[in-house]
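Have a look at the structure below, then the notes.
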Amino acid sequence: MSNPSLLILAGDGIGPEVMTQVNRVIDWIGDKRGLAFDVSEDLVGGAAYDKHGTPLHDDTMAKAMEVDAVLLGAVGGPKYDALDFSVKPERGLLRLRKEMDLYANLRPAQCFDALADFSSLKRDVVAGLDIVIVRELTSGIYFGEPRGIIHEGNERVGINTQRYTESEIDRVARSAFELARRRGNKVCSMEKANVMESGILWREVVQKVHDEDYPDVELSHMYADAGAMQLCRWPKQFDVIVTDNLFGDLLSDAAAMLTGSLGMLPSASLGAPMANGRPKALYEPVHGSAPDIAGQGKANPIACILSFAMALRYSFDQGDEAVRIEKAVEKVLADGLRTADLIGEEGVEPVSTEQMGDAILAALDASL
Ligand SMILES: NC(=O)C1=CN([C@@H]2O[C@H](COP(=O)(O)OP(=O)(O)OC[C@H]3O[C@@H](n4cnc5c(N)ncnc54)[C@H](O)[C@@H]3O)[C@@H](O)[C@H]2O)C=CC1
Ligand SMILES: CC(C)CC(=O)C(=O)O
Ligand SMILES: [Mg+2]
């Protein structure tokens, strides 16, 4: 039988830097755990634009549709800010999400004990935190029509449309309830049903899916603005949060700071099962291309490494190996290793991206 296939799209900015460390972990898993992957690499975002004049070449899109899982670094950067909207690096990533139909974006926010004092919130509030935001990823205001910038009278008007069908809400709600059953059995759904019709529909459909098929899961509803406040006030009240594309984008960046840094948050974007039973899947850190630190060897590779651990868990039924990687990360943090984004106190010397990779590989070796 052939090895499972992975397509690596490192992208722009710190994407290739953090992905270099992930490649080392992939090699380690192949050598030391006998879990080899057929890895291919390609371009996305600004890197693809530079070569092909498009942020995602059709051939790359076709490859992404064929492989067992895609691993992505990050896209975007100031070099591309002036480009026409249709060819901006971010469009490449949005096309992947849309055409692979990756409707459920799982964004876990877990606070490692060693970082509990580093969060901008008090230790009590974040210690032991383990929540997952399930963000709808293929619809809502990022994709709704009409959209654009039009002329009206003597001024321009920017338009985006929030649009959700019942079936789009239904399927992401099911993902959240299924996930909750494997965790703390609680779902909190967030929208703005007080001011948006799409929020009213969202709330109704989530409630219906719950009542018909998941009555055993505890369900609550919250307005997304209040949800943001509750995430900062007492995040441990949550287990799984399900929300739309825009609110999920915002709430998950906010949740990142509960864990210490945006450089810590992995994600899995999952779609319907393929013929082999595995879900269509793309794994990527929640952070972007971090142009302010790109090329300096300062980036924290943990979010991207933990995204590969999520791939092992959700695409390849290798939950034990995923835990092995998560424990290795926990160990290096407990040993005091910190990339620059995790340094709060004076006198603590940051390690480089590569040194963090070295330490995680050493911790993996020690786990054998
Ligand atoms: N999935 C993706 O590829 C995403 C791409 N972007 C794109 O990235 C570019 C920069 O966007 P920003 O708003 O600055 O967000 P960003 O996530 O790239 O950076 C925000 C802040 O967090 C820091 N940071 C992020 N990841 C880090 C890591 N691994 N280690 C250490 N520090 C880290 C950065 O240095 C920066 O100060 C833009 O072009 C944006 O569109 C933004 C978010 C997601
Ligand atoms: C297309 C991305 C740049 C949008 C984003 O911030 C995200 O998905 O986290
Ligand atoms: Mg974002």
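Data for the structure
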read-out	value
Any chance Ala275 is under 21 Å from Leu96 (Cβ atoms) and more than 16 Å from ligand 3 (Cβ to nearest atom)	yes
Check on Leu201, within 16 Å of ligand 3 (Cβ to nearest atom) and either in a helix (DSSP H, G or I) or at pLDDT 95 or above (or both)	no
Pairs with Cβ under 6 Å, 6+ apart, first in segment 47-68 and crowded, with 20+ Cβ neighbours inside 10 Å, second of a type in the set (D, E, K, R) and at pLDDT 95 or above	Ala47/Asp12; Pro55/Arg91; Leu56/Arg95; Thr60/Asp42
Per-region count, segment 112-136, residues in contact with a Gly (Cβ under 7 Å, 6 or more places away or on another chain) and closer than 25 Å to Val187 by Cβ	4
Total residues in segment 269-302, condition within 13 Å of ligand 1 (Cβ to nearest atom) and either among the aliphatic types (A, V, I, L, M) or assigned to a strand (DSSP E or B) (or both)	9
Residue within segment 316-337 that is of a type in the set (Phe, Trp, Tyr), in the same structural domain as Met274 (by TED's automatic domain parsing) and part of a helix (DSSP H, G or I) present	no
Qualifying residue in segment 216-227 (condition: within 16 Å of ligand 2 (Cβ to nearest atom), in the same structural domain as Ala180 (by TED's automatic domain parsing), more than 12 Å from the chain's Cα centre (by Cα) and part of a loop (DSSP other than H, G, I, E, B))	no
Qualifying residue in segment 249-264 (condition: crowded, with 24+ Cβ neighbours inside 10 Å, touching a residue at least 12 places away in the same chain (Cβ under 8 Å), within 15 Å of ligand 2 (Cβ to nearest atom) and charged (D, E, K, R))	no
Elements of type strands (runs of 3 or more DSSP E) contained in segment 129-197, each with 3 or more residues being without any contact (Cβ under 8 Å) to a residue 60 or more places away in the chain and either within 19 Å of the chain's Cα centre (by Cα) or assigned by TED's automatic domain parsing to the domain that holds Gly248 (or both)	144-152, 155-161, 186-191
Cross-chain or 6+ apart pairs with Cβ under 9 Å, segment 94-117 first and outside the structural domain of Leu137 (by TED's automatic domain parsing), then surrounded by 22 or more Cβ atoms within 10 Å (Cβ to Cβ) and among the acidic types (Asp, Glu)	Tyr103/Glu136; Ala104/Glu136; Asn105/Glu136
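The values are calculated or read from the model by the stated rules, or taken from the named source; none is laboratory data. Bear in mind the structure is a predicted one, so any value in this text is a computation, not a measurement. Neighbour counts run over all protein chains shown; Cβ positions are idealised from the backbone, glycine included.
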